[in-house]
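See below for the structure under consideration.
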Amino acid sequence: MSNIKDYIETNKQRFLDELFELLRIPSVSADPKHKQDVFKTADAVKTYLAKAGADHVEICQTAGYPIVYADKIIDAKLPTVLVYGHYDVQPADPLELWTSGPFEPVIKNDKIYARGSCDDKGQMYMHVKAFEYMMQTNSLPCNIKFMIEGEEEVGSNNLGTFVANNKEKLKADVILISDTGIIANDIPSITVGLRGLTYVEVEVTGPNRDLHSGLYGGAVPNPINILCEMIAKMKDENKHITIPGFYDDVDVISTEERAEMAKAPFSLDEYKKSIGLKDIIGEETYSTNERISIRPTIDVNGIWGGYQGEGAKTVIPSKAYAKISMRLVPYQTSDKTFEQFKTYFESLAPSSVSVKVTNHHGGEAAVTPMNTIAYQAASKAMETTFGKKPIPVRSGGSIPIVAMFKSELGLDTVLLGFGLDSDAIHSPNEHYGVFNYLKGIETIPYFYQYYAEMSK
Ligand code: BES
Ligand code: MN
Ligand code: MN
């Protein structure tokens, strides 16, 4: 397979141009304004998969955005890899903080700047180009299926139904996903854990209308003040979450495993510097890496209410709102956590206000096994192209469908991601290294080669 490097060298510009075409379509799944763009992106992905050599390429409609399915079955006796990715992206705002248009991809300092460049169009498209290479060189050693969805960033609401209704079509031996990262370009790693998620919205209502803050202030409940007090009560002085029962099911990691995890290189100074912090916070007895991987959290993602315009307006608002997320770890479940949150949040509300709690979307945590042929193949593939054995790490992010693939299809996932934490996914100026894009394309065919060899 030595000529994958030559193939990349020869086709590099085209690989970039094609990705740029995808990046130019603003497939923001959260914003109904972009509905046509999301559908258009599905069509573009379909066209690219067909061009790369897939046999059956289909746009599968769902109650929401479509799932693009494609396959190349070379021999029913050979193992089958199911590639999952997503073509939808996060909203680009705040727009004014981008140094170039979020949907006008450009290369600056060897990095591709655009919304979705890393999460996940760039990483998903590496698989399409690796597949093209294997087709062109007649070296595809197993069967391959693609399932590329358009609702990942809004909770994959229709993917569960699709998977449940298409078990035969999706029959495979392993799931392969590039939607995570590596520690650094010279420190390859493979993600072996993801956190779960419960995402809620709360509404606190005080008086039946906005009131003059002079005429009424002091005698009536201010829903913003009260919401802040309620949120403040959700963690104690040790940064422990106070929701009753919240930690009941939390997986306790052994000292040995924690020691193993602590071997991953990490510099607290660089960490702080990279995000402009003088100091960090978190649970006392856990390291930074543990706080963002094996421990659950609660965070306010947005809070609003009252007057937000120019100048000052003296007002006690009628309502206050917040969006709150909880990242979960193995054995906690999204639904149970929601119920615990709701009961506790309601109990914190003084009788002077009313509260409403709604569940947005969620998902379960996942730990992917390392004692599988697929993991070994991925590890060996990275070792081949990076010259170093990848380190297994647990990530703090969430890809809820990984747990769903295990429960619905009984399949393990390999998280062969190539992004960096510094790629600013979900933030202004998201980017993806040209190195990472091409390294992914180079590594993936080795995964197939080793996986097929090891499966024999
Ligand atoms: N690709 C990310 C998740 C991710 C990124 C995991 C980097 C590990 C490392 C995915 O697109 C994402 O953003 N997931 C959401 C959850 C989803 C339900 C909206 C998240 O983690 O917030
Ligand atoms: Mn993603
Ligand atoms: Mn994302």
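The values are calculated or read from the model by the stated rules, or taken from the named source; none is laboratory data. In this text, all values refer to a predicted model and were calculated from it rather than measured experimentally. Cβ: placed from backbone, ideal geometry, glycine included. Neighbour counts: every protein chain shown. Just so you know, the surface numbers come from the protein's heavy atoms only, side chains and all, with ligands and any DNA or RNA stripped out. Shrake-Rupley method; radii C 1.70, N 1.55, O 1.52, S 1.80 Å.
The order of the peptides 248-257, 134-143 by mean Cβ neighbours within 10 Å, most packed first, is 134-143, 248-257. Positive-end ranking of G214, G193, S254 along the dipole of segment 184-308, with charges on Cβ about the Cα centre, is headed by G214. In terms of its C-alpha gyration tensor, segment 1-124 has an oblate overall shape, because the principal axis ratio a/c (a ≥ b ≥ c, square roots of the eigenvalues) is not below 1.5 and a/b does not outweigh b/c.
Where both bridge residues fall in the chain, DSSP classifies roughly 70% of the beta bridges as antiparallel.
In a simple Cβ point-charge model (Lys, Arg +1; Asp, Glu -1; nothing else charged), the chain has a dipole of about 220 debye relative to its Cα centre. Seen through its C-alpha gyration tensor, with square-root eigenvalues sorted a ≥ b ≥ c, segment 360-456 comes out oblate because a/c lies at 1.5 or above while a/b is not bigger than b/c.
Sorting the segments 188-196, 417-425 by their mean number of nearby beta carbons within 10 angstrom, highest to lowest, gives 188-196, 417-425.
Over the chain, DSSP H runs of length four or greater, each weighted -39,500 (n - 2.57), average out per residue to a 222 nm ellipticity of -10000 deg cm²/dmol.
The length gained on full extension between T99 and Q61, counted as 0.36 nm times the residue separation minus their Cα-Cα distance, comes to 10.1 nm. Computed across segment 90-140, the Kirkwood radius stands at 12.6 Å (inverse of mean 1/r, all Cα pairs).
Per the Cα gyration tensor, segment 300-445 maps to an equivalent ellipsoid with semi-axes of 42, 23, 10 Å, ordered largest to smallest. Sorting 259-265, 323-329, 154-160, 442-448 by average packing, meaning the other beta carbons within 10 Å per residue, from highest down gives 442-448, 323-329, 154-160, 259-265.
Using the Kirkwood formula on the Cα atoms of the chain, what hydrodynamic radius do you get, in angstrom to one decimal? Working shown, then result.
Values: mean 1/r = 0.0424 Å⁻¹.
After inverting the mean inverse Cα-Cα distance, the result is 23.6 Å.
Classify segment 267-334 from the C-alpha gyration tensor, please: rounded if a/c falls under 1.5, else prolate or oblate depending on whether a/b exceeds b/c. All intermediate terms of the calculation are to be shown ahead of the outcome.
Numbers: a/c = 3.91, a/b = 1.64, b/c = 2.38.
Because a/c hits 1.5 or more and a/b fails to exceed b/c, segment 267-334 counts as oblate.
Taking all protein chains as present, what is the carbon and sulfur share of the accessible area of the chain, in % to the nearest whole number, probe 1.4 Å?
Working: 10360 of 20730 Å².
Heavy-atom surface of the chain belonging to carbon and sulfur, 1.4 Å probe: 50 percent.
For the chain, the per residue solvent-accessible surface stands at 45 Å², with DNA, RNA and ligands left out and a 1.4 Å probe.
Please go through segment 75-184 and write out the GluC sites (Glu not before Pro) that DSSP classes as loop and that have at most 14 other C-beta atoms within 10 Å.
Working: sites: E96, E132, E149, E151, E152, E153, E168; in loops: E151, E168.
Sites meeting the loop and neighbour criteria: E168.
With a Cα cut-off of under 25 Å and a minimum spacing of 8 residues unless on different chains, the lysine pairs in segment 367-456 number 9. Cross-link reach is defined here as a Cα-Cα straight distance under 15 Å, omitting same-chain residues fewer than 8 places apart; for K35 the aspartates and glutamates meeting it are D43, D88, E149, E151, E152, E153. In summary, the lysines within cross-link reach of K233, defined as a Cα separation below 18 angstrom excluding same-chain residues under 8 places away, comprise K323, K342, K356.
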